[in-house]
Each structure stands twice: as structure tokens, then as C-alpha cells.
Amino acid sequence: MRTVWCCSRAGGIADSGRKNMRPRSLIIILLVALAVRLLALTVMLPKLKPDVDLDSYRSLAQNLAAGSGFVASATDGRLLPNVSRTPVYPLFLATLMRVGGDKLSLFLLVQCLVGAATCALTTLLAARRLSWGAAVVAGLLVTIDPNSIVRCVDLRTETLFTLLLVGGACVIVWHDKRWWGWMLGGFLWALAALTRPIAVWLWLVALVTLLGARLAWRARVGFFAAFLAGYLGLLGIWAARNVALTGHWFVSTISTYNLLVYRVAGVEAERTHQPLEVVQQRFLSESGDLQFYESRAAFDSTLQTYRLMAMRVLSSAPALAAKQTVVGWGKVLFGPGARSIDNMLVQPDGTSRWWPKLYALGLLVAAALTVMGAVKLGRVAVLPWAVALYFVVLSGGPESNSRFRAPITPVLAILAVGAVTTRRQPT
């Protein structure tokens, strides 16, 4: 009896020790990831344009901080409401401006913190279905991933978006049998969709996840309703703002804008053997800019022109459009991003001759392991592979690049590690 008690006590002490190691491991990953990103920031900051304003995010934030509303300068210099960008990232920058001023160093420092937090959350997400050691490896892979590091010094949405995406996934998988877990997850994913509109259809991932879960149909319906309650509220508020302006219900015009300026222009450029930039300028001069709102009449006319031009060009060369989509998927998964922040640099550096090829080879291996991991883990990993598939499918086209891989790097790392490790038993 004494022997049994001693063994039980020893086992309890060991279990307690392992549990105590978990928050310690998360803190270590957070600190290591932060150190790596701060080192990158220290090296890159002197090379960056201090007044960089990519995609009007900084201008929008400046006007929000000044109380002028969600407006920015259009291509003709007029200050107009922006209907292509969504509010979360500009609000994030505006808050930092109100706290510490309009300083690029401040923005990027906070983004380094956000990126480091994502690495820790990746470990937490992986630990739901993998052993703790394997989960730590997944977090470390994101910690040292060059593309994830570079995005922290890029004044665009990817770093904040990835945190919201992974944070929502963590809530859902760790509280998948509680209605409030699905509602909170939906709320975080709504914030993600209001950071990058490509996520506006993320409810499909939630639906696929519930269809693959071992739950009664009544529970699935209830949890999905809770998710939609958290998800649609924020999106509905922003869509209501847009309908009040334009008379049309939408979250963002960026998908329509990208359809014409990148996908359709890409097809036309290849079909007519013209430079893409020339075709883009011609299309914009003929159709107008759908990113800014001037009046309802002008908006309706521009929207109709975009749709007609897109239908005409794409219907004339469907095979070419399909080919460019597939090529775009390859760029998302295997593009090293050697020149990914050139438009932020004062003087763009020359491309290295060796590391992009080595990195692309590593991405190829990681992709193979990801597929193996998705097959091996099966239904217990529905959410990670559904998230990965969602973003890869929607990111295809001439505009595709390594930026689009940043949000799915955490789930790709989890699936890749899952291919070579034992999975945790579902609870």
C-alpha cells in the first residue's frame, strides 16, 4: 500500500512539474521570439523610410487620431472616405499615435511584441492536439521563420491579423464544447476580418470544423449560432457604415479592386504581352478608383464598370486566369519574399543569391510535411488544415506573394510537426 502511495505521489509530482513547465515554456518562446524580432528591427530600422505609408494605413490612422474620421488622400489628393480598407489596423496605429506619437519605431516595436505573442499562441494552439514537446517545436518554427520575422517590420496588417486569427483559433479549440468559446472565437475572427477583408468568409472554417467534430447535431447548430453571434455583429456595424455612405452592403471593396487591378490586369497583360503596370494604369484611368468614395452616382458607375471589364477579360481567357491562380498558390506557399519590403526601404538592397533558394527548399519540405500531418491527424486537426486551405485557395492570382503566407504559417507549422510526432488524445 505504501509503495502504491509513493508511486502515486511521485507520478503526481511529475505531472505537476510538467504542468508548471508549460507556462514557463510559453514565456521562453515569447522572449526568444521577441529577441529575434527586436534584433531584426534594430538592423532594419535605419534602412526604412520614416514616413512610409503603405496602402494608406498610416494616413487613415493620422486622420482617426486627429478626429477627422476614416478618410485619407485619394490619388488626386482629395481627402475622401476610404471604403477599401477596414478599421482595425488603422485604429491600432491611431491608438499608438495617441499614446506615443506618430513614430515608425513605436509602431514596429509593438508589432514585434505582437509577433512574439503569436509564436507563444502557436504553441498553445498546437498543444491541444500534439504533445507539449511537439507544440513547443511548432512555436519555435514560427519564431525563426524569416517571413514571420520580416512582417514585424512591415507597416501593414499581417502581424496583427495573424495574432487575431491564431488567438481566435486557440479559444475555439480549447473551449470547443462551450458556447462562449465559439462566441469569443467568432468575435476575434470578426476583428481579424476587419483587419484583412480576405477573412470575411472565415465562418466557413468554423462550419467545417463543427461538421468534423464529434458532437450531436443540436450542439453543432448551437455552437455555430454562438459563433455567428460573435462574428456577424462587428462586421454588420462596419457594413452598415458602408451602406450609409454608398447604398451597398459590403465590408470592403478591396476584393473587387484587386480583381480588376491584379487578376484581370494580369490576364490582360499576359494575353497582350504588355507590362502589368501599363495595363493597371489603363484600367484605372478607364474605370476610376474603387478605394475611395466620392458620391453614390460615381461609386455606382465605377462598380458597374469594374464588373463589366472583369467579366469581359476573364471570359475571354479562362485558361489563362486559371493558370495564373495556380501560379499564385505556388507563390504563397513557396515564395521566399526576398524583396518583400523593398517599398519600405530608403535604398532597396540587392537580392541575395543563395538564401532565397534555400528557404524555398525548406518551404517545399514543410509543405510536404503539412500534407502528411493533415492526413495523419485527421479530424482532430480539422481547424488548422481548414484555415490553411481557406487562405491558400483565396490567395491565388497575380497579386499573390509571401505576405499571404504569414497568417497561415502557425497552422502550417503545427501540421508539419504533427507529421513526425504522436498526437495528443482528444478530450
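Every Cα-Cα pair in region 164-307 was counted, and those over 21 Å apart are 55% of them. How many percent of the alpha carbon pairs in region 312-368 exceed a separation of 20 Å? When every Cα pair of region 312-368 is considered, 47 percent fall beyond 20 Å.
Compute the angle between helix 382-394 and the longest alpha-carbon principal axis of the chain, please, reported from 0 to 90 degrees and rounded to the nearest 10. That helix lies at roughly 20 degrees to the long axis.
Label positions at Gln274 and Glu286, each projected 7 Å from the Cα along the C-beta direction, are separated by 0.7 nm. Each peptide in 36-47, 139-150, 183-194, 369-380 receives the mean, over its residues, of other Cβ atoms within 10 Å, and ordering these scores from highest gives 183-194, 139-150, 369-380, 36-47. Highest mean packing comes first when the peptides 115-121, 169-175 are listed by Cβ atoms within 10 Å, giving 115-121, 169-175.
Among Ser255, Ser285, Ser84, the largest mean-square fluctuation in a Gaussian network model of the chain, built with springs joining Cα atoms closer than 10 Å, belongs to Ser285. 3J(HN,Hα) couplings calculated from phi for region 171-187 with the Karplus curve 6.51 cos²θ - 1.76 cosθ + 1.60 (θ = phi - 60°) are, in sequence order, 4, 5, 6, 7, 10, 6, 10, 10, 4, 6, x, 5, 5, 5, x, x, 5 Hz; Gly and Pro show x. Calculated translational diffusion coefficient of region 291-331 (37 °C, 0.692 mPa s; Stokes-Einstein with Kirkwood radius over alpha-carbon pairs) equals 271 µm²/s. The modelled label-to-label distance between Leu38 and Trp355, using points 7 Å beyond Cα along the C-beta direction, is 2.1 nm.
Compared with the alpha-carbon gap, the fully stretched path from Ser255 to Gln347 is longer by 30.0 nm at 0.36 nm per residue.
In this simple spin-label model, placing a label point 7 Å from the Cα along the Cα-to-Cβ direction at both Ala219 and Arg98 gives a separation of 4.2 nm.
Taken about its Cα centre, the chain carries a charge dipole of about 1900 debye when Lys and Arg each add +1 at the Cβ and Asp and Glu each add -1 at the Cβ. Applying 1/(1 + (r/R0)^6) with r as the Cβ-Cβ distance of Leu211 and Leu364 and R0 = 25 angstrom yields a FRET efficiency of 0.20. Using R0 = 30 Å, the C-beta based FRET efficiency linking His248 and Val393 works out to 0.75.
Between Leu232 and Thr75, full extension at 0.36 nm per residue minus the direct alpha carbon distance yields a gain of 53.3 nm.
Principal-axis analysis of the Cα atoms of the chain puts helix 409-418 at an angle of about 30° to the longest axis. You can think of it this way: the chain between Met311 and Trp174 has 44.9 nm of extra reach, that is 0.36 nm per residue less the Cα-Cα gap. Is the shape of region 236-319 rounded, prolate or oblate, going by the alpha carbon gyration tensor and its root eigenvalues a ≥ b ≥ c, with a/c under 1.5 for rounded and a/b larger than b/c for prolate? Judged from the Cα gyration tensor, region 236-319 comes out prolate (a/c at least 1.5, a/b above b/c). Note on the chain: Lys pairs 8 or more places apart or on different chains, Cα atoms under 27 Å apart, count 12. Taking the inverse of the mean reciprocal distance over all distinct Cα pairs, the Kirkwood hydrodynamic radius of region 244-398 comes to 18.4 Å.
Rule-based calculations on the coordinates, nothing more; no lab input. Remember, predicted model here, so these are calculated numbers, not experimental data. Every residue, glycine among them, receives a Cβ derived from its backbone with ideal geometry; neighbour counts consider all protein chains shown.
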